[in-house]
Amino acid sequence: MVEMVSRPYARAFEAFAAGNPDILCLSADLTSSCEIDGFRDRHPDQFVSLGMAEQNMMSFAGGLGLAGFRPFLHTFGVFMYRRPYDQLIASIAYPRRKVRLMGFLPGVTTPGGMTHQAIEDIAVMRSIPNMTILETGDATEVESICAAADSVDGPVWCRVLRGSVPRLFDTPIRLGEMRVLAAGTDVLVVTSGICTEEAMRARAALAKAGVSIRHLHLHTIKPFDAAALLDHIGSVKHGVVTLENHVTEGGVGSLVAETMADAGIGKRLIRLGLKDSFAHGGSRPYLMRYYGLDALALVRGIADLTGAAFDITEEDLAAARVDEVHSLVKAEAL
Amino acid sequence: MTPAELRRIANRIRRRDVQAVFEAGAGHIGGEMSVIDLLTCLYFHELSVDPADPLDPERDRLILSKGHTALALYIVLSEKGFIPKQEISTFLGHRSRLNGHPNRVYVPGVETNTGPLGHGLPVGVGMAKAAKLDRRSWRTFVITGDGEMQEGSNWEAIMTAAQFRLDNLTLIIDHNRLQQGASLADTNELAPFAPKLAAFGWHVEEIDGHDPAGICRAVSRATGTPDKPKCIVAHTNKGHGISFMSDNVAWHHKVPNVEQYEQAMAELAEAAE
């Protein structure tokens, strides 16, 4: 049974920021939605409410950064880059401000539909010079993302999970590294964010079916250790499958494809994720099933890659997560 | 510095500006003529800045949000000693650090990169808030164009500055009534600015933006209201000081030909006497 951690960001941010006067907590009126309401109440001197005005929040943070502060911006991921993109470039990315962009509700973790689902943010951030990109896949990574982000001399884009988050890992994010979760020899699976849990669900069933999986989890998407990835690709027989909570263009799948092409690797690559598609509104498990982001989609991808036919059903997939969160009882709030 | 001395400096800067635009074959001459008196009075009378220590933490900050008039800022900075005067001749040249929009990384005295309109004021609000948080006495000044106030980000910043009671922040609107392609009135009329800023909770001054005495009075610490950010609506003329450019929308970024150049320089020289 996997431990579920309630609101890990709320505790972790407060523990990290409280008492450090150079760190400021900025909110664009999604304070409780980003789990910083407790911090606001207990540390009002470090909390700055900017209202629903993201363009101003972005440049304002640039101004704070010029004066030596390290602002942590909190809002939903979509609102952190789609509207204030020009400000993000000119106030933060170009001048390398130490601004930490804490984007909540990555990909299909919100039922809010197109307007609320950040599905192309990694593609955008990867193309911005000076930007670092982190993504959380479990409670331990949520708990350690503040320290990891704040160690960077420049802006950092963070995909943060909120609410009830499974604990999959024992060790904190080590910037620039990747987690090796399984060291098999048939297929390399590369995942990030919530898709890592899906891959972990699939692994036992795949092992039973005789497929030896090598599994990498990426919490640091930029900068990226291409040499380490190439070593892992060299250790598997068939090729690579990527699975991400993002469009397959510009995200982890593209990152792996570019790395393989740059090195002249002739192995096959199957990229799973949103396929040139916006997502509609719906529960997270429903959306992950519908758009092929879940464990079953990974099994199908591996079957395609290896040419094997698996008789694996949903029932065979290990529950790497308790049912509470998957149930529709608690619809994710907007 | 006396108003007469400030006028002399501004006239010298105008002539250098016209010459640089003529030689470079590009520039935003109209908006530069309208903002030069404001920049001159700030840099030579009010701002606490030191060319020998351009990043002194206690310095006053000025952001020229209408970054397309960078040339005027470069010349003021050169007159002040931040960059060599002879470097102005490199404006827009290959490998020159004097680009069409000011760059903080390369040009000492430039506080932040500007160019995308509606960008400077929100940054300035963040700077002013930082000074308040640090309990420092340095001040932040932002100059915007009047057409630039059509950018919604400015109004987000205006709300925020009032909410945070940033009386260490001064916004100067270079109100020359013309934007790139037409007058404000024919585009998206925002005037009158004063009652709008007052309604948002700002202290507002209206001045002749070409009168050094009035500019110096309005930008001084003595003028203002505690706990309120200050907005100075500076009534200016685009192309000011050159008869055929003044108040003429065609001169947003037009380059004078030889005859026009000689006439402009002659008019400015005559005004200097």
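The values are calculated or read from the model by the stated rules, or taken from the named source; none is laboratory data. Predicted, not measured: the structure shown is a model, and the values here were computed from it. All Cβ positions, glycine included, derive from the backbone under ideal geometry; neighbour counts span all protein chains shown. These area figures cover heavy atoms from the full protein model, side chains too; ligands, DNA and RNA do not enter into them. Shrake-Rupley method; radii C 1.70, N 1.55, O 1.52, S 1.80 Å.
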Flagged in region B:212-254 as among the charged types (D, E, K, R), touching a residue at least 60 places away in the same chain (Cβ under 8 Å) and open to solvent by 50 Å² or more (accessible area, probe 1.4 Å), in numbering order, are B:Arg221, B:Asp227, B:Lys228, B:Asp247, B:Lys254
Only one of (1) open to solvent by 20 Å² or more (accessible area, probe 1.4 Å); (2) on the phi > 0 side of the Ramachandran plot; (3) within 14 Å of chain A (Cβ to nearest Cβ); (4) within 18 Å of the chain's Cα centre (by Cα) is not met by B:Arg135, so which one is it? (4)
Top-ranked residue of region A:12-35 - restricted to ones that are at positive phi and more than 20 Å from the chain's Cα centre (by Cα), ranked as most open to solvent (accessible area, probe 1.4 Å): A:Asp29
Output for Cβ contacts, cut-off 8 Å, separation at least six or different chains, first residue in a loop (DSSP other than H, G, I, E, B) in region B:32-49, second open to solvent by 20 Å² or more (accessible area, probe 1.4 Å) and of a type in the set (Asp, Glu), reads B:Ser48/B:Glu58; B:Val49/B:Asp56
Just the residues that are among the charged types (D, E, K, R) and over 19 Å from A:Ser49 (Cα atoms), please, taken from region B:150-202. B:Glu151, B:Asp174, B:Arg177, B:Asp186, B:Glu189, B:Lys196
Across region A:36-53, what is the number of residues that are crowded, with 24+ Cβ neighbours inside 10 Å and at the interface with chain B (Cβ under 8 Å from one of its Cβ atoms)? 1
Selection count where residues are away from chain B (no Cβ under 11 Å) and open to solvent by 10 Å² or more (accessible area, probe 1.4 Å), scope region A:67-95: 3
Qualifying residues in region B:80-108 (those that are in contact with a helix residue (DSSP H, G or I) (Cβ under 9 Å, 6 or more places away or on another chain) and of a type in the set (A, V, I, L, M, F, W, C)) - the one farthest from B:Val255 (Cα to Cα): B:Phe82
Only listed residue being closer than 22 Å to B:Leu178 by Cβ and touching a Pro at 6+ places or on another chain (Cβ under 8 Å), chosen from B:Leu6, B:Leu73, B:Leu39, B:Leu77: B:Leu73
Which listed residue, of A:Ala295, A:Ala257, is crowded, with 20+ Cβ neighbours inside 10 Å and either assigned by TED's automatic domain parsing to the domain that holds A:Gly239 or touching a residue at least 12 places away in the same chain (Cβ under 8 Å) (or both): A:Ala295
So, first residue farther than 14 Å from B:Pro54 by Cβ and within 7 Å of chain A (Cβ to nearest Cβ) in region B:92-119, second residue aromatic (Phe, Trp, Tyr) and surrounded by fewer than 24 Cβ atoms within 10 Å (Cβ to Cβ), Cβ within less than 8 Å, six or more apart or across chains; the pairs are B:Asn113/A:Tyr94
All positions within region B:120-132 that are at the interface with another protein chain (Cβ under 7 Å from one of its Cβ atoms) and either open to solvent by 10 Å² or more (accessible area, probe 1.4 Å) or among the hydroxyl-bearing types (Ser, Thr, Tyr) (or both): B:Lys129
Any residue at all in region A:139-156 that's in contact with a His (Cβ under 6 Å, 6 or more places away or on another chain), crowded, with 18+ Cβ neighbours inside 10 Å and not small (Gly, Ala, Ser)? yes
Among the residues of region B:37-59, how many are surrounded by fewer than 20 Cβ atoms within 10 Å (Cβ to Cβ) and acidic (Asp, Glu)? 4
Residue that is more than 18 Å from the chain's Cα centre (by Cα), closer than 15 Å to A:Ile122 by Cα and not assigned by TED's automatic domain parsing to the domain that holds A:Ile122, where the choices are A:Asp262, A:Asp276, A:Asp231: A:Asp276
Among residues of region B:138-155 being in contact with a Lys or Arg (Cβ under 8 Å, 6 or more places away or on another chain) and more than 18 Å from B:Val49 (Cα to Cα), the residue farthest from the other protein chains (Cβ to nearest Cβ) is B:Asp146
